[in-house]
1. Restricting attention to the stretch 57-73, report how many residues are assigned to a helix (DSSP H, G or I) and either surrounded by 16 or more Cβ atoms within 10 Å (Cβ to Cβ) or free of Cβ contacts under 8 Å to residues at least 60 places away in the same chain (or both).
2. Taking residue 62 as meeting all but one of (1) more than 30 Å from residue 110 (Cβ to Cβ); (2) in contact with a helix residue (DSSP H, G or I) (Cβ under 8 Å, 6 or more places away or on another chain), write down the number of the exception.
3. Please verify whether the stretch 9-27 includes one or more residues that are modelled with pLDDT under 90, in a helix (DSSP H, G or I) and on the phi > 0 side of the Ramachandran plot.
4. Evaluate the following for residue 80: is it closer than 20 Å to residue 108 by Cβ, within 19 Å of the chain's Cα centre (by Cα) and exposed (fewer than 15 other Cβ atoms within 10 Å of the Cβ)?
5. Quickly run through the stretch 1-54 and pick out the residues that are surrounded by 11 or more Cβ atoms within 10 Å (Cβ to Cβ), over 20 Å from residue 120 (Cβ atoms) and more than 18 Å from the chain's Cα centre (by Cα).
6. Surrounded by 12 or more Cβ atoms within 10 Å (Cβ to Cβ), touching a helix residue (DSSP H, G or I) at 6+ places or on another chain (Cβ under 6 Å), at pLDDT 90 or above and over 23 Å from residue 23 (Cα atoms): is that true of residue 117 in this structure?
7. Restricting attention to the stretch 58-69, and to residues there that are modelled with pLDDT under 90 and under 25 Å from residue 11 (Cα atoms), which single residue is nearest to the chain's Cα centre (by Cα)?
8. If I filter the stretch 95-102 for residues that are under 29 Å from residue 7 (Cβ atoms) and at pLDDT 75 or above, do I get at least one hit?
């Protein structure tokens, strides 16, 4: 798969999430099925994660270090995630991407932050070349 294909797929998936959010009734943002994160909390998490990834990808390639371990396949990552998720009492990731009381804001703000983070991510990945 080429960088261009990945960039296009990222843009398409961001657009799919944006379209879903546009159609989503505001009342659904704060509903929590089975004591899990609400759609609003998921969106908050994705937005924060996208901003972090955009910041990372905005760095000059020479500032990024080589991986200390071999790359894993997507299936391996999913398997490991599911194992850790099942073992955790309260599943969580980096504290900076965790929803909290501040995450529960109105739909307009959530959409605006999602769009801002997504555009930053697309801009940062489009600056990379295949050789990098």
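1. The initial filter retains those residues of the stretch 57-73 that are assigned to a helix (DSSP H, G or I), namely 57, 61-63.
With either surrounded by 16 or more Cβ atoms within 10 Å (Cβ to Cβ) or free of Cβ contacts under 8 Å to residues at least 60 places away in the same chain (or both) added as a condition, the list becomes 57, 62-63.
Matching residues across the stretch 57-73 total 3.
2. If we test residue 62 against (1) more than 30 Å from residue 110 (Cβ to Cβ); (2) in contact with a helix residue (DSSP H, G or I) (Cβ under 8 Å, 6 or more places away or on another chain), just (2) comes out false.
3. No, there is no match, as no residue in the stretch 9-27 is modelled with pLDDT under 90, in a helix (DSSP H, G or I) and on the phi > 0 side of the Ramachandran plot.
4. no
5. Result: 24, 26, 28, 30, 32.
6. Values: surrounded by 12 or more Cβ atoms within 10 Å (Cβ to Cβ): yes; touching a helix residue (DSSP H, G or I) at 6+ places or on another chain (Cβ under 6 Å): yes; at pLDDT 90 or above: yes; over 23 Å from residue 23 (Cα atoms): no.
When the stated conditions are applied, residue 117 does not pass them.
7. Filtering the stretch 58-69 down to residues modelled with pLDDT under 90 leaves 59-69.
With the extra rule that they be under 25 Å from residue 11 (Cα atoms), the set shrinks to 59-61, 64.
Values: 59: 18, 60: 21, 61: 21, 64: 20 Å.
So the residue we want is 59.
8. Going through the stretch 95-102, the residues under 29 Å from residue 7 (Cβ atoms) turn out to be 96-99.
Imposing the further condition that a residue be at pLDDT 75 or above reduces the set to none.
For the stretch 95-102, residues under 29 Å from residue 7 (Cβ atoms) and at pLDDT 75 or above: absent.
The values are calculated or read from the model by the stated rules, or taken from the named source; none is laboratory data. Only a predicted model underlies this, so the values are computations on that prediction, with no experimental measurement involved. Every residue, glycine as well, gets a Cβ built from its backbone with ideal geometry; the counts of neighbours run over all protein chains shown.
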